[in-house]
1. Going residue by residue through segment 233-250, is there one that turns out to be under 18 Å from the mean Cα position of the chain (by Cα), in a helix (DSSP H, G or I) and of a type in the set (F, W, Y)?
2. Condition test on A51, is it among the small types (G, A, S) and touching a residue at least 24 places away in the same chain (Cβ under 8 Å)?
3. Search segment 188-214 for residues that are free of Cβ contacts under 8 Å to residues at least 60 places away in the same chain and in a helix (DSSP H, G or I) and pair each with any residue that is surrounded by 19 or more Cβ atoms within 10 Å (Cβ to Cβ) and polar (S, T, N, Q) when their beta-carbon atoms are under 8 Å apart and the residues are at least 6 apart or on different chains.
4. Keeping to segment 65-97, report how many residues are in a loop (DSSP other than H, G, I, E, B), among the small types (G, A, S) and closer than 18 Å to E152 by Cα.
5. Every residue in segment 126-157 that is of a type outside the set (V, I, T), outside any loop (DSSP other than H, G, I, E, B) and in contact (Cβ under 8 Å) with a residue 40 or more places away in the chain, please.
6. I'd like to verify a number: residues in segment 158-185 that are of a type in the set (G, A, S) and closer than 22 Å to A66 by Cβ, how many?
7. Within segment 194-220, restricting attention to residues that are modelled with pLDDT of 85 or more and surrounded by 22 or more Cβ atoms within 10 Å (Cβ to Cβ), which residue is nearest to Q153 (Cα to Cα)?
8. Would you mind finding the one in A70, A98, A51 that is modelled with pLDDT under 90 and hydrophobic (A, V, I, L, M, F, W, C)?
Amino acid sequence: MLVPGRVFGFVSLLALCGVILAQIHRAKRGVSFDIRRIPALDSIDEGIGRATEMGRPVHFSAGISAFTTAYAPVMLASLEYLSYIARQCAKMGTKVIATAAQGDTFAVTAEVVKSAYLAEGASDRMPPDAVRFLAANQYVYASSIAGILNKEQVATNFMIGHWADETLFVAESGHLAGCLGIGGTTNQYQIAFFVAALDYVLLSDEIFAGSAYLSRDPVELGAIAGQDFGKAVAVVLLVLGVLFATANSPVLVNLMRI
């Protein structure tokens with residue numbers, strides 16, 4: 001039995017899930033979905049090229065979270081960026097340094113980097129210290145990254161994933177070390193620090209759109225297309241709500257209270 005007042009939300013959820021599944025099915029059948037090119041994505045190649053020209057390494061971190069927390073979606077999305085960055089570095093002969101703050105993150109990061117080098121036929125050129133576990137404590141982890149950025153003269157610092165209070169410290173350390181800073185997070189209270197301290201930023205949902213763009217995975221592309229449809233419906237409901245409220249009509253409100 002459905003709880004009164006939650007029927008509209010339940011039906012809307014089912015409809016959104018249905019649209020997402022339908023779009024995933026279309027993507028698997030070969031239907032192409034165009035994703036707007038995000039400026040921060042162009043900067044990824046720019047950052048890798050900069051490091052290659054300077055003969056200096058690039059650093060990547062997905063932040064402090066694990067894959068068993070509420071932040072797992074953004075952590076998983078960050079893996080697509082790591083895979084792309086590692087493949088480009090393997091292709092160009094640029095050293096990549098990927099750091100991790102959690103045990104499961106370290107294991108997955110190591111596998112992603114290894115697979116990227118194998119895909120480019122450069123497994124023998126993968127640096128033995130390409131993937132490093134630093135510390136589970138966020139402040140110790142941030143301090144360790146700062147040391148790597150300065151000691152190894154990193155040219156480009158990628159910060160894409162879940163970040164918290166240590167954001168500004170790492171970003172500013174990269175700036176002081178002369179790094180090109182590229183980052184993104186879904187933590188709204190940290191986005192302002194990203195914008196202030198980094199050169200290019202992926203804002204919230206752009207991380208997932210960029211992940212689908214880089215991977216070209218049908219499931220990810222279909223899911224993004226389905227979610228965009230849901231956002232469009234939400235915008236329409238907002239506009240209708242304003243119009244009905246202006247006309248002093250309770251029709252839409254009563255419908256949503258079912």
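The values are calculated or read from the model by the stated rules, or taken from the named source; none is laboratory data. Small disclaimer: the values here were computed from a predicted structure and weren't measured. In this analysis, Cβ positions are derived from the backbone assuming ideal geometry, glycine residues included, and neighbour counts consider all displayed protein chains.
1. no
2. Spelling it out, A51 is indeed among the small types (G, A, S) and touching a residue at least 24 places away in the same chain (Cβ under 8 Å).
3. Here the result reads Q190/T167; I191/T185; F193/T167; F194/T167; F194/T185; A197/T167, each pair linking segment 188-214 to a residue that is surrounded by 19 or more Cβ atoms within 10 Å (Cβ to Cβ) and polar (S, T, N, Q).
4. 1
5. The answer is Q138, Y141, S144, L149, N157.
6. Residues flagged as of a type in the set (G, A, S) and closer than 22 Å to A66 by Cβ within segment 158-185 amount to 5.
7. In this case the residue turns out to be L198.
8. A70
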